[in-house]
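Here the structure is laid out as structure tokens; the discussion comes afterwards.
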Amino acid sequence: MTMQNAIKNLRTAPDDTLIVLLLKQFKGLLEQHGVELDSQSMHEISKQAAERQALSEFGEQVKQTLLNIVDESLNLLQERFKLTFAKSLVYNANLLTGWKTPMEFQELIAQKDNAETRIAMGAALLAMLGENCHVEYLFTTLEHEYVRGHMEAMLAMRALSFAAKIEPATENWETEVRAKLMPLS
């Protein structure tokens, strides 16, 4: 499947399918934090969220753990690299310090890139689970990634649309979504 086909599929996939896709992406990290997801629990959580129902106790545990994962990633960027999420997305990796070998340099780049992905996709999943505290990172992802056609941008757009209950094709989409999700900004 080409990148363009994958992005097209993300534009039209049902919300519950996207939620399951994102939960699968976080399955290993959630397990590292003591939350075991199986296929049935992923589908139950995605159904509850897509239908805008209250999450089960287990769904709430998943959501809280995701909040922790995103916060850990934000802290890693700040403490290890002295970067905010927005600055990290545009930071020239050649300026990274604290490495002595090419392998250490590659490990630093991987840490930074993984943290960025966890923040962007974690914020998307959280928004689809009804938690909007990190929507600013979705707008940042959209701003920095959309021009390159990244799937992260499409997922950010879908998550923002879902959270705001505004269709992506709406005229003045970003203005309306920002007004609904970030009224004080």
(message) Which entries of LYS63/LYS165; LYS27/LYS180; LYS24/LYS87; LYS24/LYS112; LYS63/LYS87; LYS112/LYS165 have Cα-Cα distances beyond 23 Å here?
(response) LYS27/LYS180; LYS24/LYS87; LYS63/LYS87; LYS112/LYS165
(message) With loop defined by DSSP as not H, G, I, E or B, and exposure as at most 14 other Cβ atoms within 10 Å, which is the longest segment of the chain clear of exposed trypsin sites (Lys or Arg not before Pro)?
(response) 101-164
(request) Go ahead and run the numbers for FRET between HIS43 and ASP113, Cβ-Cβ distance against an R0 of 25 Å, rounding to 0.05. (result) 0.25
(request) Work out the length of the dipole vector of the chain about its Cα centre, built from +1 on the beta-carbon of each Lys and Arg and -1 on the beta-carbon of each Asp and Glu, and round it to the nearest 20 debye. (result) 420 debye
(message) 7 Å from Cα along Cα→Cβ at both GLU104 and ARG52: what's the point-to-point distance in nm?
(response) 5.3 nm
(request) Springs between alpha-carbon atoms under 10 Å, Gaussian network over the chain: tell me which of MET157, MET103, MET42 tops the mean-square fluctuations. (result) MET103
(message) Taking 0.36 nm per residue of sequence separation and subtracting the Cα-Cα distance, how much length would be gained by fully extending the chain between CYS133 and THR97, in nm to one decimal?
(response) 9.8 nm
(message) Using Cβ contacts closer than 10 Å as the measure, can you line up HIS144, HIS33 from fewest to most?
(response) HIS33, HIS144
(message) Can I get the semi-axes of region 3-181's equivalent ellipsoid? Compute them from the C-alpha gyration tensor as square roots of 5 times the eigenvalues, in angstrom, largest first.
(response) 27, 21, 14
(request) Take every Cα-Cα pair in region 83-155 and report what % of them are more than 18 Å apart. (result) 43 percent
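Since every read-out is calculated from the coordinates, none of them should be taken as a lab result. Being a predicted model, the structure only gives us computed values, none of them experimental. So basically every Cβ, Gly included, is an ideal-geometry build from the backbone, and we count neighbours across all protein chains shown.
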